[in-house]
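The values are calculated or read from the model by the stated rules, or taken from the named source; none is laboratory data. Since the model is a prediction, treat every value here as computed from it, not as a measurement. All Cβ positions, even for glycine, are placed from backbone atoms using ideal geometry, and neighbour counts span all protein chains on display.
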């Protein structure tokens, strides 16, 4: 059986031909989002699908899903142009070499790094990188596990004409939930929500945000401004007091303040009752 290059991945993955009408044989990337989600009804429905009790959902009439499909080529082209990277292994269907119940259809692999490439279309209303990463994190983690990749790239085009790239690193928590779910499929025991939060990506700090509309920001901004001078004086006092403590002193006290030197030499202060 042929294998695909994974550019640094730890194990080869078998290329397979999926029967789209029989998704019962494996957990796919779109399934991972449900398994890691918070909707018991969706989890139960997926479990029944995998057991062959009900038919899989048909997304042919789902406009958002179809928009994602028709913009995938544009998304990949835009990513390659913006990043200078090359995406290979487009629409490869692969299965994990050990956990045969894990499989994925890849949007691609970034040739230079071996990262999973995932293309998505999202609506612009209330779009944020944090929400986008949360929404697709489980699928990204699943696909990384299938090909033993250490990272993934989420390339997003929004309906508002915006393109965003989010980089994600692999995390082992997802595998625990998927193993438990698959045992339920095999045993017939109905699954319960697993309560495992997907990892959060480290997003690049690139935005300038206006917080004028936040009441909480307003409250603490006023408090910060009010106490800033006192805080600066406090830090200056600590510096001067530390300099006054003799080098051979384990403890110094006076005027309601005690300075204690740790074994490592660090000096800390406590307020005490002035006797």
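Of the residues that sit in the stretch 180-193 and are touching a residue at least 60 places away in the same chain (Cβ under 8 Å) and either touching a helix residue (DSSP H, G or I) at 6+ places or on another chain (Cβ under 8 Å) or not in a loop (DSSP other than H, G, I, E, B) (or both), which one is surrounded by the most Cβ atoms within 10 Å (Cβ to Cβ)?
181
Any idea which of (1) in a loop (DSSP other than H, G, I, E, B); (2) more than 19 Å from residue 272 (Cβ to Cβ); (3) modelled with pLDDT of 90 or more is the one residue 208 doesn't satisfy?
Of everything listed in (1) in a loop (DSSP other than H, G, I, E, B); (2) more than 19 Å from residue 272 (Cβ to Cβ); (3) modelled with pLDDT of 90 or more, residue 208 misses just condition (3).
Just the residues that are in contact with a helix residue (DSSP H, G or I) (Cβ under 7 Å, 6 or more places away or on another chain) and more than 20 Å from residue 167 (Cα to Cα), please, taken from the stretch 67-94.
The one that is in contact with a helix residue (DSSP H, G or I) (Cβ under 7 Å, 6 or more places away or on another chain) and more than 20 Å from residue 167 (Cα to Cα): 94.
Which of the following residues is touching a residue at least 60 places away in the same chain (Cβ under 8 Å), more than 17 Å from residue 181 (Cα to Cα) and surrounded by 20 or more Cβ atoms within 10 Å (Cβ to Cβ): 27, 109, 35?
109
Tell me whether the stretch 151-160 contains one or more residues that are more than 24 Å from residue 96 (Cβ to Cβ) and out of contact with any strand residue (DSSP E or B) (no Cβ under 8 Å at 6 or more places or on another chain).
Yes, the conditions are met somewhere in the stretch 151-160.
With respect to residue 153, determine if the residue is in contact (Cβ under 8 Å) with a residue 12 or more places away in the chain and buried (at least 22 other Cβ atoms within 10 Å of the Cβ).
Here the answer is yes, as residue 153 does meet what is asked.
Of everything in the stretch 51-81, what is outside any helix (DSSP H, G or I), more than 19 Å from residue 31 (Cβ to Cβ) and touching a residue at least 12 places away in the same chain (Cβ under 8 Å)? Give them in sequence order.
Listed by number, the list holds a single entry, 71.
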